[in-house]
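**Q** Below you'll find the structure I mean.
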Amino acid sequence: MLNDWVVMPTCLPTVLRRCHTCASERFRANGKFRVNAHHKLLDAWLLVLCTDCGDTAKLTVLERMNVRSVRPELLDRMHDNDPGLAAELLQDPVVRRRNRIALDWGDAWRLDTGGSDHLDREVIDVSVRFAARIPVRPVRLIAEGFGLSRAEVERLISEGKLVSAVRLGGRLSDDFTFTLKR
């Protein structure tokens with residue numbers, strides 16, 4: 001029987017970028033946008049706050065875009081300060097590259113295993129699905145899901161009792177499956 005695990009975001013990730021005021025490197029997004037019109041051209045920013053001094057920084061979302069080329073529902077979501085849109089934009093590689101930022105997902109996700117009834121079986125097949133592109137080490141997920149230490153998970157991998165089609169050593173943000181044989 002296949003068990004489904006889901007890695008779910010609990011809040012917006014921390015934005016890693018240098019603050020011009022206090023030299024801190026951590027900002028938090030609160031889902032607020034600023035839209036500015038210059039006749040037929042629009043600029044839009046996602047506002048982020050420094051975690052140390054509270055200074056506001058702007059992450060460029062739209063720059064000198066013609067009003068007619070912007071989807072009306074996107075503009076409405078920005079005017080409504082939609083936190084879902086903020087989450088989508090923070091995960092967009094174009095926005096991250098344009099603003100030279102990185103994301104820290106440290107405490108911004110949780111693992112939903114669907115209960116602990118699977119722990120007593122000899123062979124356990126697990127499918128891990130990511131609700132958002134959250135880079136996490138599979139060893140950490142497996143350790144958390146089964147209540148093991150990371151060293152114990154590493155030992156199971158080296159003994160061949162924990163197998164997967166993907167490499168379990170690095171970070172993953174794509175769905176994968178694995179099998180644990182006790």
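**Q** Mind checking which residues of segment 148-182 are farther than 14 Å from Trp5 by Cα and either among the polar types (S, T, N, Q) or out of contact with any Lys or Arg (no Cβ under 9 Å at 6 or more places or on another chain) (or both)?
**A** Passing the criteria: Leu148, Ser149, Ala151, Glu152, Glu154, Ile157, Ser158, Glu159, Ser164, Ala165, Val166, Arg167.
**Q** Keeping to segment 20-43, report how many residues are polar (S, T, N, Q), part of a loop (DSSP other than H, G, I, E, B) and either closer than 18 Å to Leu74 by Cα or open to solvent by 60 Å² or more (accessible area, probe 1.4 Å) (or both).
**A** Adding up the residues that qualify gives 1.
**Q** Here's something else I'd like to know. Can you spot a residue in segment 97-105 that is farther than 22 Å from His20 by Cα and of a type in the set (Gly, Ala, Ser)?
**A** No, because not a single residue in segment 97-105 is farther than 22 Å from His20 by Cα and of a type in the set (Gly, Ala, Ser).
**Q** Would you confirm, using the coordinates I've provided, whether Ala108 is surrounded by 15 or more Cβ atoms within 10 Å (Cβ to Cβ), closer than 30 Å to Arg155 by Cβ, without any contact (Cβ under 8 Å) to a residue 12 or more places away in the chain and not β-branched (Val, Ile, Thr)?
**A** The answer is no for Ala108.
**Q** Which residues, taken from segment 60-95, are closer than 24 Å to Pro138 by Cβ and surrounded by 10 or more Cβ atoms within 10 Å (Cβ to Cβ)?
**A** Within segment 60-95, Ala87, Leu90, Gln91 qualify.
Yes/no per residue for (1) free of Cβ contacts under 8 Å to residues at least 12 places away in the same chain; (2) touching a strand residue (DSSP E or B) at 6+ places or on another chain (Cβ under 9 Å); (3) assigned to a helix (DSSP H, G or I):
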position	(1), (2), (3)
Arg64	no, yes, no
Arg77	yes, yes, yes
Asn81	no, yes, no
Leu89	no, yes, yes
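**Q** Within segment 1-19, take every residue that is assigned to a strand (DSSP E or B) and of a type outside the set (Val, Ile, Thr) and give me the one that is modelled with the lowest pLDDT.
**A** Leu2
**Q** If Arg98 meets every condition in (1) in a loop (DSSP other than H, G, I, E, B); (2) open to solvent by 90 Å² or more (accessible area, probe 1.4 Å) apart from one, which number is that one?
**A** (1)
**Q** Residues that are touching a strand residue (DSSP E or B) at 6+ places or on another chain (Cβ under 9 Å) and either within 21 Å of Cys11 (Cβ to Cβ) or not small (Gly, Ala, Ser) (or both): which strands (runs of 3 or more DSSP E) entirely in segment 112-182 hold 3 or more of them?
**A** By residue number, 123-130, 176-181.
**Q** Let me ask another. Can you report the number of residues in segment 139-153 which are open to solvent by less than 70 Å² (accessible area, probe 1.4 Å), charged (D, E, K, R) and within 15 Å of Arg110 (Cβ to Cβ)?
**A** Of the residues in segment 139-153, 0 are open to solvent by less than 70 Å² (accessible area, probe 1.4 Å), charged (D, E, K, R) and within 15 Å of Arg110 (Cβ to Cβ).
**Q** So, one more: Would you check if Asp52 is in a strand (DSSP E or B), surrounded by 14 or more Cβ atoms within 10 Å (Cβ to Cβ) and out of contact with any helix residue (DSSP H, G or I) (no Cβ under 6 Å at 6 or more places or on another chain)?
**A** In short, no.
The values are calculated or read from the model by the stated rules, or taken from the named source; none is laboratory data. Here the structure is a predicted model, which is why all the values come from computation and not from measurement. Please note: Cβ atoms are built from the backbone with ideal geometry, for glycine as well, and neighbour counts cover all protein chains shown. Please note that ligands, DNA and RNA were not included when accessible areas were found on the heavy atoms of the full protein model with its side chains. Shrake-Rupley method; radii C 1.70, N 1.55, O 1.52, S 1.80 Å.
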